[in-house]
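Here is the structure we will look at, set down as structure tokens.
The values are calculated or read from the model by the stated rules, or taken from the named source; none is laboratory data. Treat the numbers as computed from the prediction; the structure is a model and nothing was measured. For neighbour counting, all protein chains shown are included, and Cβ atoms are generated from backbone atoms with ideal geometry for every residue, glycine included. Accessible surface is based on the protein model in full, side chains and every heavy atom, while ligands, DNA and RNA are left aside. Shrake-Rupley method; radii C 1.70, N 1.55, O 1.52, S 1.80 Å.
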Amino acid sequence: MTSDEIQLWTQAERLELADFLDDLEDHEWGVSSLCGDWTVHEVLAHVTLSNRVTLGQTLLGVLRARGDWNRMTADLARERAARFTPAELIAQLRESAGSTHRAPGAGPLDPLADIIIHGQDIARPLGRVREVPTKPGVAALDHIIGSRFYGARRRLRGLRLTAVEADWSAGDGPDEIRGPLSDLLLVSTGRVAGLSGLAGSGVARLTTTF
């Protein structure tokens, strides 16, 4: 896996999400996403910030949020959603799909993980399906599990994740969770509602572990 390959995967996911969002109805933009209490509109606004936000904006946002990173991220997303319509944000997502700029502190795989996860955050509550391509999905999942930022190590302690459509597994067990990459990506980032594709002894732990 090279940096060029990661960038091409990220670009493809951004363009495919833009195409997916073109079909949304007006009322769907106000639906609550899987990402905290953000609406679909606000998740899209956040996604467009990933290759636009500067170090100065980030530092100012952290100060305004009194050091709370999650609050800062939410504030920036809501401010951007208030400034731009969904159509304008889709255009921004499409026009900067190939950008290599990353948010301060982000590594090469963070934009890929971000766009895949947030694509699911949008699609699932709308009852729509967004498939996760195998190689990019595995790369994103490995990155999320290995990164301290996402908190997956604590979240997945005592669990083993196994993908059903790829030769991939991770974790020390003893309890196993089997499912499609899309569901395992959501589990690894703490999103556990409505994951009907999961099976295994570890599923029963999700309501108490997360």
Exactly one condition in (1) crowded, with 22+ Cβ neighbours inside 10 Å; (2) not in a strand (DSSP E or B) is false for I177; which is it? (2)
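Take R130 and decide whether it is at pLDDT below 95, in a loop (DSSP other than H, G, I, E, B), closer than 17 Å to H46 by Cβ and open to solvent by 10 Å² or more (accessible area, probe 1.4 Å).
Values: at pLDDT below 95: yes; in a loop (DSSP other than H, G, I, E, B): yes; closer than 17 Å to H46 by Cβ: yes; open to solvent by 10 Å² or more (accessible area, probe 1.4 Å): yes.
Here the answer is yes, as R130 does meet what is asked.
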Residues in the stretch 35-50 that are in a loop (DSSP other than H, G, I, E, B) and surrounded by fewer than 22 Cβ atoms within 10 Å (Cβ to Cβ): how many? 3
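Looking for something among the basic types (K, R), open to solvent by 70 Å² or more (accessible area, probe 1.4 Å) and either over 16 Å from R128 (Cα atoms) or modelled with pLDDT of 95 or more (or both) - is there at least one such residue anywhere in the stretch 72-79?
Scanning the stretch 72-79, I find at least one residue that is among the basic types (K, R), open to solvent by 70 Å² or more (accessible area, probe 1.4 Å) and either over 16 Å from R128 (Cα atoms) or modelled with pLDDT of 95 or more (or both), so the answer is yes.
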What do you reckon, is I122 surrounded by 16 or more Cβ atoms within 10 Å (Cβ to Cβ), within 22 Å of E16 (Cβ to Cβ) and either modelled with pLDDT under 90 or not hydroxyl-bearing (S, T, Y) (or both)? yes
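Inspect the stretch 4-26 for any residue being among the polar types (S, T, N, Q), surrounded by fewer than 22 Cβ atoms within 10 Å (Cβ to Cβ) and out of contact with any strand residue (DSSP E or B) (no Cβ under 7 Å at 6 or more places or on another chain) and give the result as yes or no. Please lay out each step first, then the result.
The first filter runs over the stretch 4-26 and keeps only residues among the polar types (S, T, N, Q), leaving 7, 10-11.
Now restrict to residues that are surrounded by fewer than 22 Cβ atoms within 10 Å (Cβ to Cβ): 7, 11.
Those still in the list that are out of contact with any strand residue (DSSP E or B) (no Cβ under 7 Å at 6 or more places or on another chain) too: 7, 11.
Within the stretch 4-26 (the criterion being among the polar types (S, T, N, Q), surrounded by fewer than 22 Cβ atoms within 10 Å (Cβ to Cβ) and out of contact with any strand residue (DSSP E or B) (no Cβ under 7 Å at 6 or more places or on another chain)), the answer is yes, since at least one residue qualifies.
Might you check whether a residue that is in a loop (DSSP other than H, G, I, E, B) and either among the charged types (D, E, K, R) or surrounded by 22 or more Cβ atoms within 10 Å (Cβ to Cβ) (or both) occurs anywhere in the stretch 92-104?
If we filter the stretch 92-104 for residues that are in a loop (DSSP other than H, G, I, E, B), which is where we start, we get 96-104.
Subsequent filtering for residues that are either among the charged types (D, E, K, R) or surrounded by 22 or more Cβ atoms within 10 Å (Cβ to Cβ) (or both) retains 102.
Yes, there is a match, as at least one residue in the stretch 92-104 is in a loop (DSSP other than H, G, I, E, B) and either among the charged types (D, E, K, R) or surrounded by 22 or more Cβ atoms within 10 Å (Cβ to Cβ) (or both).
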Among the candidates L156, L198, single out the residue that is of a type outside the set (G, A, S) and crowded, with 22+ Cβ neighbours inside 10 Å. L156
